[in-house]
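Take a look at the structure set out below.
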Amino acid sequence: MCIYINEKKGKLYVLELERDSMVQRHVFELYSASKYEVSVVDNVLVVHNMLAKLAILFDVRTDSSSALAAPLPIAYDHYEQTINSLSPTRNRAHCIQDHKYENWSFLPERYVLDNSVFKEKNTNSLWTMQLDLQAIVHSWPSTKRALLVDFLLKRREGQSKALLLDVLFHLVYEGAPLPTISRLFALMHAVAYEARKVIKKISLIQGENKEKKTSIERYERGEVWAPKGWMGYQVISQEDLCESVFQKCIDSGLSPRRLTPYMIECIRSAIRQSLRITPKFNMMLVDFLIMDKRFFELHQFLQYHVLQDSTELASILISLEKSYEPAFQLGLDMLYRLTEFTVMMRVLLSKGQVLAALQLVPHTSAVFREKGLKPRDFLKKAVADGKPSCFFTTFRFFQARNQALRGFPDFLANDACEEFTTMFHANFRGKKETLPVLLLPTGIEGKETKSEPDYLVIGRETKVEETPPLTPAPAAPTTSASSTTAVM
C-alpha cells in the first residue's frame, strides 16, 4: 500500500502496487487544504492536520470514503520513561501545547519524535501513539452505531472488547432492527469460526492426548479462546454475549419476549458457522421462554434440535410437567438420546412406571446395585401399583436376574425381599398360572444402532384379564429367602 496526500485539494489517496501497475483503492476527503502527516495505529490511518492541531481517522478495510468519527485533538500522558503515549481524545483540557506540536517528527507506523529540548533532562523524547477508543465511541455518529461494532471488532486495543459489548448492549436494548443485529452476529461468529480452526491446528501440532481435555474442547465449552486480537479482530464468545449483553438487558428491565428474537438469531448465526452452542447460552434461552410461558415455542425448538441436549435441560423439562404436560415426554426423549438410562429409571420409578423402567436395561445390568434402584425398590413400587400383573412381571424379572448372576432364582438375605417372596407365593404358588407374563426385552443399555429412533414411548400397558388384587403377606413368620424355592 502507498499513500499520497494532495494538500491543496485536501484529499488522501491509497494506492496498491501490483505487478505491472498501481491501482487506486481509496480516496479519503480531508475537508480542507493544509499541511498533513500520516500515522498508522492499530490498522487505522491517523491523518494529522498540522495547522488545525486535529487528527482524522480512516479505516482502509471499509468501503466508505468518509472519516470514522469527527476530527479529534491529540493528548499525551507523560511518564518518566522515554517512550510515552499519545492518543486522539475528546478532552481538550489534556491536549498538548501548540508549540510542541510543531516540533514533532512523525516516524513510520505509530512513533513520534519530539525534537523540543527538555530543560531538566536536556534530551528528546520518543512517543508511541495509540487510539482513545472511548473518545472515538463518544464522537461516533449515533445513526451509524452498527458500523461502530464493526470498527471495534477489528481493534486490538485493550478496551475494544468491553466497549464493543457495551455498544451491542445498547443496540439490543434500544430495539435495533433484527437484520442489523443479524449482520453483526454473523461477523462475530465468522471470526470465532476462524479462531476455532486456529485452536484446532494448535492442538494438532502440540499432539494433545485424546483422553485429556483438548484445547478445541475447552474452546467449545467457552473456557479458552483465540489470542486477544486474533488476526486484528476481537473474538467474542457466547459467554460474553450472555453476561454483558442479554443478562444485562434483563437486569435493566427489558422483557424476555423482546430478547428472544435476538437470541434465536444468534443461535442461527452460530449454527451456520458450525459453532457449538454453549450450555449456558442454551439454558438462558430456555429460562427466557419459561419465564414468558412460551412452552409451544420451546417445544418446537426441542423438536427441531435448535437447543442442544443436556441432562440439565432434560431435568428442567421433566419438572415442567404440571405447567406443560408434553414437557415430561420431551425430557425422557432427551435422556434417551443422551443414553442416561440410570436417570431415566429413577424418573420412571418415581412416577410408578415400573415396567417401563425395567425395559431400559437388561436384567444383568449393574445399575440395580445403586442406591434407590435395588430390587426391593422396584418390588415396593410394583406392590404400590396394585396390579397383580405388574408385581408378577417385576418379581419374575429379578428371579431371572438372580438365575443369571448367581445360578439360582432366590433372593439373598441382604436383598431384604423376604416379604415380597412371601407375597408372591401367597398369590401365585400352587395356582394355575393363567396370568399372562409381560415379556420384557433384554434391555437397550449400550445399544449402538443408527436405525434406532431418538425417542421412547413410555406408558403403554399390555391389556390382561381382570385378576383379584394382591393378597398381603400373612403375619406368620416367613421362611428364609435363601431356602425358598420359587415357581418358575
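The values are calculated or read from the model by the stated rules, or taken from the named source; none is laboratory data. This one's a predicted model, so the numbers in the text were calculated from it and none came from an experiment. We place every Cβ from the backbone using ideal geometry, glycine too, and count neighbours over all the protein chains shown. Just the protein is used for accessible areas: all its heavy atoms, side chains included, with ligands, DNA and RNA removed. Shrake-Rupley method; radii C 1.70, N 1.55, O 1.52, S 1.80 Å.
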- Consider Arg276 carefully, then state whether it is within 25 Å of Glu340 (Cβ to Cβ) and in the same structural domain as Ser182 (by the TED database). yes
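Can you pull out the residues in region 132-175 that are of a type in the set (D, E, K, R), within 14 Å of Val44 (Cβ to Cβ) and either part of a helix (DSSP H, G or I) or out of contact with any helix residue (DSSP H, G or I) (no Cβ under 7 Å at 6 or more places or on another chain) (or both)? Reasoning before the result, please.
Pass one, region 132-175, residues of a type in the set (D, E, K, R): 132, 144-145, 150, 154-157, 161, 166, 174.
Next, only the ones that are within 14 Å of Val44 (Cβ to Cβ) stay: 132, 150, 154-157.
Those that are of a type in the set (D, E, K, R), within 14 Å of Val44 (Cβ to Cβ) and either part of a helix (DSSP H, G or I) or out of contact with any helix residue (DSSP H, G or I) (no Cβ under 7 Å at 6 or more places or on another chain) (or both): Asp132, Asp150, Lys154, Arg156.
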- What is the one condition in (1) at pLDDT 85 or above; (2) open to solvent by less than 10 Å² (accessible area, probe 1.4 Å); (3) within 42 Å of the chain's Cα centre (by Cα) that Leu72 does not satisfy? (1)
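Kindly establish whether Tyr304 is within 30 Å of Ile290 (Cα to Cα), open to solvent by less than 20 Å² (accessible area, probe 1.4 Å) and not assigned by the TED database to the domain that holds Ser274.
Details: within 30 Å of Ile290 (Cα to Cα): yes; open to solvent by less than 20 Å² (accessible area, probe 1.4 Å): no; not assigned by the TED database to the domain that holds Ser274: yes.
The answer is no for Tyr304.
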- Within the set of pairs 6 or more residues apart or between chains, which connect a residue that is hydroxyl-bearing (Ser, Thr, Tyr) inside region 291-318 to a residue that is at pLDDT below 90 with Cβ atoms less than 8 Å apart? Ser310/Pro279
- Task: Could you check, for region 95-115, whether at least one of its residues is under 26 Å from Arg155 (Cα atoms) and modelled with pLDDT under 55?
- Result: yes
- Which members of region 176-185 meet the condition of being assigned to a helix (DSSP H, G or I) and surrounded by fewer than 17 Cβ atoms within 10 Å (Cβ to Cβ)? Leu178, Pro179, Thr180, Ser182, Arg183
- Task: State whether one or more residues within region 1-22 are within 24 Å of Phe151 (Cα to Cα), in contact with a helix residue (DSSP H, G or I) (Cβ under 8 Å, 6 or more places away or on another chain) and at pLDDT below 80.
- Result: no
- Query: Mind checking which pairs have a first residue in region 131-151 that is within 18 Å of Glu174 (Cβ to Cβ) and a second that is charged (D, E, K, R), Cβ under 6 Å, 6 or more apart or different chains?
  - Reply: His138/Arg90
- Message: With the structure loaded, tell me whether Leu254 is out of contact with any Gly (no Cβ under 6 Å at 6 or more places or on another chain), among the hydrophobic types (A, V, I, L, M, F, W, C), modelled with pLDDT of 85 or more and not in a helix (DSSP H, G or I) or whether it fails that test.
- Response: yes
- Note on the structure: Residues of region 323-343 being open to solvent by less than 30 Å² (accessible area, probe 1.4 Å) and in contact (Cβ under 8 Å) with a residue 40 or more places away in the chain, in sequence order, are Leu332, Asp333, Tyr336, Phe341
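What number of residues within region 27-46 are free of Cβ contacts under 8 Å to residues at least 60 places away in the same chain and touching a Ser or Thr at 6+ places or on another chain (Cβ under 9 Å)?
Adding up the residues that qualify gives 4.
Please note which helices (runs of 4 or more DSSP H) are completely contained in region 367-454 and include at least 2 residues that are at pLDDT below 55.
Details: elements: 375-385, 388-406, 418-428.
Counting at least 2 such residues, we get no helices (runs of 4 or more DSSP H) at all.
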- Task: Determine which member of the set Pro362, Pro279, Pro375 is touching a residue at least 24 places away in the same chain (Cβ under 8 Å) and open to solvent by 40 Å² or more (accessible area, probe 1.4 Å).
- Result: Pro279
- Within region 45-69, restricting attention to residues that are touching a helix residue (DSSP H, G or I) at 6+ places or on another chain (Cβ under 9 Å) and modelled with pLDDT of 85 or more, which residue is farthest from Lys9 (Cα to Cα)? Leu57
